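Just so you know, all these numbers are worked out from the coordinates, no wet-lab data involved. Note that the structure is predicted; figures quoted are calculated from it, not measured. All Cβ positions, even for glycine, are placed from backbone atoms using ideal geometry, and neighbour counts span all protein chains on display.
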Amino acid sequence: MPHNVALISTIAGGLGLALILGFLAARMQLPALVGYLIAGVLIGPYTPGFVADTELAAQLAEIGVMLLMFGVGLHFSLDDLLAVRRIAIPGAVVQMAAATGMGVALALWWGWSAAAALVFGISLSVASTVVLLRALESLGLLESFNGRIAIGWLVVEDLAMVLVLVLLPPLATVLAGRGDGGDPAALWRTIGTTLFQVALFVVLMLVVGRRLFPWLLWQVQKVGSRELFTLCVVAAAVSIAYGATLLFGVSFALGAFFAGMVLRESQFSHRAAEETLPLRDAFAVLFFVSVGMLFDPRVLIEQPLHVLAVVGIIVLGKSAAAALLVLLLRYPLHTALTVSASLAQIGEFSFILIGLGASLQLMPPQAQSLVVAGALISIAINPFVFKAIQPLQRWLLARSELARRMEQRVDPLAELPMTTDEKYLSRQVVLVGYGRVGRHLAEALAASGVPFVVAEQNREIVERLRGQGIPAVFGDATQPEVLVQAHIARARMLVIATPDTLGVRQMAETARALNPGIELAVRSHNEDEARMLETEQFGKVFLGERELALSMTRHVLARCAA
């Protein structure tokens, strides 16, 4: 050919084969991403036939990570992050320490050096935010409370990994035991500089970016060009991510995440999310293809027990540690299982870290193959891990006395105080969810003098509401005991305002079993879901777009009739 077409052939080969294998996987009732991963293996350097450019594929995958994390930021506000800080921060730190310890112990048992074992253990401790997002989106859990906990948890892990990646090169000499380990004062200066750079970036984004970028989006929108608007959004995501890496040493993923968070302050954030969705989906496919390209199938034959041990730590070990920690923090079993499923895989940061360790001559040759094998297998089975949450929860409650005791344990926030006024115990409204919609409903009820009780899964919100004198119960309202504690048997109405509508049927059945005459009002997200709920007579169903259209119609007709 007259010119270099490596980029074109990589994109064409990757997307084309991913389409075919993704379609076949879907027809076989498997997640489409399994097909994407196999497509990467087939065009990778370790299988015969066409070989795509690995370096170009990795860069395309980085763009995919940027755009996906930007999309997360558009839906994940600073308030959401702060709301889960009490579980996300200690949870991520302790879980990473536990997973690292398991990886270190395994590597030392294999005879690796202490430095190699430490890097290997850390690489197994951090999950892929990209994989998590795909799983949460497919299950409709992205905006749920459990979804926000999982995302916040992984954001904390990403922040920790930024520090690890920056500090590893100056620490490599000390870890490997080469020379005198360098100047301790210089090492501490490096650590201090890194922390200062990350903190400076976050402050600039939250103080300056929250004002500058929404204003910029508004100016571009006034031109009236759709392509310029989309270009502005994509340019902001990629440029901020690149600038964050270049100037502050922050990862591409984290830079793009904060770019999305600041652009969320604009009234056009929903439009920005919708118009970049096709591009994000296309590059997400390339991300999974690039992961497959790193996989050498020979490792499955040459070291099957090693691969099995790595997968065991990723899928079982660190997930069990996370679930135990969530339960110790007094969160429900379903939250613990959701968080543990979210962490049962590894991804982009693991590849970067293990590659850096290899370049610093800390790792044995087989380390990267084992990590990639663990990533590939854990990513492929992660959708099935999520699907196993509900059956596993039922199985544990049916067969484990410990699980039942933990589910029914005494928690001062899980029941209303004895001093609760009688007006909140009879003919009250039970409001499930105190997010953006629930908060507005609560304010309107309070202004009208209508008594209500809030059922909420976020402990911090329940504590705050009780401090304000608002009766609130902590727990998952799909569990009958939560609605019982909210005195659903004597309530006049159940209002389900949580964005997670997967448990609507259970809530409605519990409410009607205890109070056959109760009225129901349910929030929904799409027309198919709303139609299904209305068909099954789940009370009055409110669909966001439909209610907005009705309100605008009433306003327009009223103005035209005036």
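Points worth noting:
- FRET efficiency estimate (nearest 0.05) - Cβ-Cβ, Leu397 to Arg271, R0 25 angstrom: 0.05
- Of the DSSP H helices in the chain, those that are both long (alpha-carbon extent of 20 Å or more along the helix axis) and hydrophobic (Kyte-Doolittle mean at least 0.5) are 6-27, 54-75, 85-109, 145-176, 184-204, 226-248, 269-293, 367-387.
- For segment 225-378, the relative contact order comes to 21 percent (Cα pairs under 8 Å, sequence separation of at least 6).
- Taking a ≥ b ≥ c as the square roots of the eigenvalues of the Cα gyration tensor, an a/c ratio of 1.5 or more together with a/b no larger than b/c marks segment 10-116 as oblate.
- Length gained when the stretch Phe23-Glu519 is fully extended (0.36 nm per residue, less Cα-Cα span): 174.2 nm
- Distance in nm between pseudo-label sites at Ala235 and Trp110 (7 Å out along the Cβ direction from Cα): 4.7 nm
- Tensor-based shape of segment 254-334 (alpha-carbon gyration tensor, a/c under 1.5 rounded, otherwise prolate or oblate): oblate
- Amide H contacts of Phe452: Val429, each under 5 Å away and 5 or more positions distant or on a separate chain (H built 1.01 Å from N in the peptide plane; Pro and chain starts excluded).
- Fully extended contour minus Cα-Cα distance, from Met552 to Arg439, at 0.36 nm per residue: 38.4 nm
- Distance between the 7 Å Cα→Cβ label points at Trp188 and Lys540: 6.5 nm.
- Here the Debye sum runs over all C-alpha atoms of segment 422-561 as equal scatterers in vacuum, and log10 of I(q)/I(0) at q = 0.18, 0.19 Å⁻¹ comes out as -1.01, -1.10.
- Across all directions, the shadow cast by the convex hull of segment 301-429 built on its C-alpha atoms averages 12.2 square nanometres.
- Short-range pairs are left out: with C-alpha atoms under 8 Å and at least six residues apart, the relative contact order of the chain is 16 percent.
- For segment 200-298, averaging the sequence separation of C-alpha pairs within contact (under 8 Å, six or more residues apart) and dividing by the residue count gives a relative contact order of 31 percent.
- Here Leu328 and Phe384 are evaluated by their C-beta separation; at R0 = 30 Å the FRET efficiency comes out at 0.65.
- Arranged from fewest to most other beta-carbon atoms within 10 Å of their beta carbon, His306, His555 become His555, His306.
- A full extension of the chain between Glu55 and Asn4 corresponds to an added length of 16.9 nm, given 0.36 nm per residue minus the alpha carbon distance.
- Computed E for Lys423/Leu228 - FRET, C-beta separation, R0 60 angstrom, nearest 0.05: 0.60
- Those lysines that a straight Cα-Cα span of less than 20 Å connects to Lys318, excepting residues fewer than 8 apart in one chain: Lys387
- Tensor-based shape of the chain (alpha-carbon gyration tensor, a/c under 1.5 rounded, otherwise prolate or oblate): prolate
- Counting all C-alpha pairs of segment 98-148, share separated by more than 12 Å (%): 66 percent
- Residues Lys318, Lys387, ranked from the fewest to the most other C-beta atoms within 10 Å, line up as Lys387, Lys318.
- Paramagnetic label zone (point 7 Å from Cα along Cα-to-C-beta, Trp218; backbone N under 19 Å) in segment 235-278: 236, 260-273
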